[in-house]
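**Student:** Have a look at this one.
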Amino acid sequence: MALVENRTTARVLIVEDDREMRNLLCDEFCGMGYQLREARNGDEAFLAVLQSEPDLILTDLRMPAGGDDYISRLRTVAPKCPIVVITAFGDATLKAQVVKAGASAYFDKPVRIADLKNCVQQLLDHQQGAER
Amino acid sequence: MERREAQSTSDTGDARVDRHKGEQQLLVSQLRLEGIVESAMDAIITVAEDQRVVLFNRAAERMFGCSIEDAIGQPLDRFLPVSFREAHHHQVQDFGHSGVTSRKMGRLGSVSGLRAGGEEFPIEAAISHIVVEGQTYYTVILRDITERKRAERLLRQSEERYRRLIAISPYAILVNRGNRIIFANDQAIKLFGAVKAEEILEKSPADLFHADDQDIVRRRIDELFEGGAQVPVLEEKIETLDGRIAYVEVSGTRFVDEEGPAILIMLRDVSERKRLQEQLRRTERVAELGTLASGMAHEIGTPMNVILGRAEYLMDRVTEEPIKKGLQTIITQVERITRVMNQLLSFVRRKAPQRVPLDLRKVIEDSMEMFQERLATNQILVEMEMADPCPMVLADADQISHVLINLIMNALHAMPEGGTLRVGLAPEQAMVKLTIVDTGHGIPSEVIKKIYDPFFTTKEFGKGTGLGLTVVKGIIEEHQGSIAVESKEGSGTSFTVLLPMSQ
């Protein structure tokens, strides 16, 4: 049974410099029916957002032009968009910084894809609900 | 009458020749003696019994700046400084009676002369006397020792200077001659924990060193004595007279003086420096590890996520049980690695503890509460013996919680069939003592010394990370405390933690 398609397909921007990780995320989120865009580093992410604002950004931190201030920069060009951060073995301080900079959710790699998917779905629903 | 005249005439003739010869000989003899006296380098003054000068040689003229003509007939006093005159009189008296020649004119110490211009100068004098025709004559032979005294003084000053340098030298200095210590400066005495030089002198240098290093020291000494001028600086261990162990930097140099070959040994206590270096190394290592760990975290975390993710992906798309089981194993193992990484990283990333005055009782109560349910399930009886009031410790609450949780958890795991857990808290001198005792399976003696080793675990494969006690020990030591364990297989284990009291 098809989902009620009276909502536009969500546009998700995936920012990750590791190729395999990027493939994994794309494979997983493709199946969810999202429209996916990919970026390999902070600069590409920035450009992608400038071109068209996504409905959700799923991003790593540790990559070229990345880091925690990269989140603040993203926020300036994507003020309403939910940002989900996944990063390897970050610590409590990093988490606090990232959330303060504007991240909507934070996950430590390795993260269960199932958990990630749930979070993304929730955020998108909430967002779409807010837009209506 | 004639004969007598004739005799006297003939007598006179021969006698005259004899007398002439005799007179000539006497003259020659006199001239020779005068020559000797006048040519002497030392001043020669002869005085009669009345202390008036009867002989004053050329050297005396030069020494006293006074001509013979002016000197003859003068009292000897005139050539002595006023301060010496009285003593001189007594000396002459005594001397006259004893007849002994002494180098000094009496026990005045140094003797001085008085030049015509009024200048006093040091002299060395020898005095003798002679009696001629009932008259006593005293002869003084004098040497102006101004120069000699000056040279002696300069030498003494120079020696003083060098002695002072050696005394104030921050280096401990020893001199080894014939394999015996013959000199030790103040620093050396202090270094070896002695109070007096005698405690070190006469010892064989090698004996001053720690048993471990004695052979090396002996070999170096031999090398030096056999002709090598210097041996390179080495770091060696010494054991002081009061039982401490210190590390020293030693250098040895061979030298030769009038008494033969000897070795100059210089030592410097580098124990403090070594300790600081060790501490620095450890701090650097921890910092390095921290950086390394963070870098590693990323390099490991992402591939791990890929493995985990792909396993999950496949899990969703297969139905065969065996395949699903295999994939589940992959997932479980990745989660296990994650746990280890997390513990390792938290250990390596730990910040210096934020120590505040802390009431341990509260921390203990909170930690115990976390385990309430599990303790009940495992049928473990809990006994708390906490001193009331108990002094506060200076500690970081989070880190101490971590310690407690770890120790309580271990106790719990040791008593799967039940038992008793005793928690004690009491002051002990300047520390607060925390004890955690269980009646579990205990730790075998061959294992007990390894329990703090990183990655060492006695738990079943996959159950423990082996880092728990390593972190606990690290935290306690950073708090300037200590941890000790006692265990008996089959009876139980007790951990004793000491933490400094807050002032």
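**Student:** Please tell me if B:Ser346 is free of Cβ contacts under 8 Å to residues at least 60 places away in the same chain, closer than 27 Å to B:Asp438 by Cβ and hydroxyl-bearing (Ser, Thr, Tyr).
**Tutor:** So B:Ser346 does not fit the description; no.
**Student:** Being of a type in the set (Gly, Ala, Ser) and either open to solvent by 90 Å² or more (accessible area, probe 1.4 Å) or in contact (Cβ under 8 Å) with a residue 12 or more places away in the chain (or both): is that true of B:Gly301 here?
**Tutor:** So B:Gly301 fits the description; yes.
**Student:** Grab the helices (runs of 4 or more DSSP H) fully contained in region A:1-119, keeping just those with 2 or more residues being within 14 Å of another protein chain (Cβ to nearest Cβ) and touching a helix residue (DSSP H, G or I) at 6+ places or on another chain (Cβ under 9 Å).
**Tutor:** A:19-30
**Student:** Next question, about the same structure. Is one or more of the residues making up region B:351-372 at pLDDT below 85, within 13 Å of chain A (Cβ to nearest Cβ) and assigned to a helix (DSSP H, G or I)?
**Tutor:** Scanning region B:351-372, I find no residue that is at pLDDT below 85, within 13 Å of chain A (Cβ to nearest Cβ) and assigned to a helix (DSSP H, G or I), so the answer is no.
**Student:** A further question on this structure: Quickly run through region B:76-88 and pick out the residues that are touching a helix residue (DSSP H, G or I) at 6+ places or on another chain (Cβ under 9 Å), in contact (Cβ under 8 Å) with a residue 12 or more places away in the chain and open to solvent by less than 70 Å² (accessible area, probe 1.4 Å).
**Tutor:** B:Leu76, B:Asp77, B:Phe79, B:Leu80, B:Phe84, B:His88
**Student:** Here's something else I'd like to know. How many residues does region B:270-329 hold that are facing another protein chain (nearest Cβ under 8 Å) and over 60 Å from the mean Cα position of the chain (by Cα)?
**Tutor:** Result for region B:270-329: 7.
**Student:** If you scan region B:124-140, which residues turn out to be buried (at least 19 other Cβ atoms within 10 Å of the Cβ) and in contact (Cβ under 8 Å) with a residue 24 or more places away in the chain?
**Tutor:** Passing the criteria: B:Ile127, B:Tyr138, B:Val140.
**Student:** Then there's this: Within the group B:Glu223, B:Glu312, which residue is part of a helix (DSSP H, G or I) and within 22 Å of B:Val175 (Cα to Cα)?
**Tutor:** Selected residue: B:Glu223, the only one of B:Glu223, B:Glu312 that is part of a helix (DSSP H, G or I) and within 22 Å of B:Val175 (Cα to Cα).
**Student:** Which of the residues belonging to region B:336-348 are open to solvent by 60 Å² or more (accessible area, probe 1.4 Å) and more than 8 Å from chain A (Cβ to nearest Cβ)?
**Tutor:** Of everything in region B:336-348, those that are open to solvent by 60 Å² or more (accessible area, probe 1.4 Å) and more than 8 Å from chain A (Cβ to nearest Cβ) turn out to be B:Arg336, B:Ile337, B:Arg339.
**Student:** Any idea which of B:Gln214, B:Gln187 is assigned to a helix (DSSP H, G or I) and modelled with pLDDT under 85?
**Tutor:** Result: B:Gln214 is the single residue among B:Gln214, B:Gln187 that is assigned to a helix (DSSP H, G or I) and modelled with pLDDT under 85.
**Student:** Among what's in region B:190-211 and is in a loop (DSSP other than H, G, I, E, B) and without any contact (Cβ under 8 Å) to a residue 12 or more places away in the chain, pick the residue that is nearest to B:Tyr247 (Cα to Cα).
**Tutor:** Ranking the candidates gives B:Val195 first.
**Student:** Can you name the condition, by its number, that B:Leu360 falls short on among (1) over 30 Å from A:Val111 (Cβ atoms); (2) without any contact (Cβ under 8 Å) to a residue 60 or more places away in the chain; (3) crowded, with 17+ Cβ neighbours inside 10 Å; (4) aliphatic (A, V, I, L, M)?
**Tutor:** So B:Leu360 meets the others, but not (2).
**Student:** Looking at region B:280-294, is at least one residue open to solvent by less than 80 Å² (accessible area, probe 1.4 Å), assigned to a helix (DSSP H, G or I) and free of Cβ contacts under 8 Å to residues at least 24 places away in the same chain?
**Tutor:** Checking region B:280-294: at least one residue is open to solvent by less than 80 Å² (accessible area, probe 1.4 Å), assigned to a helix (DSSP H, G or I) and free of Cβ contacts under 8 Å to residues at least 24 places away in the same chain.
The values are calculated or read from the model by the stated rules, or taken from the named source; none is laboratory data. Predicted, not measured: the structure shown is a model, and the values here were computed from it. As a convention, Cβ positions derive from the backbone with ideal geometry for all residues, glycine included, and neighbour counts pool all protein chains shown. Surface areas here come from the heavy atoms of the whole protein model, side chains and all, with no ligands, DNA or RNA. Shrake-Rupley method; radii C 1.70, N 1.55, O 1.52, S 1.80 Å.
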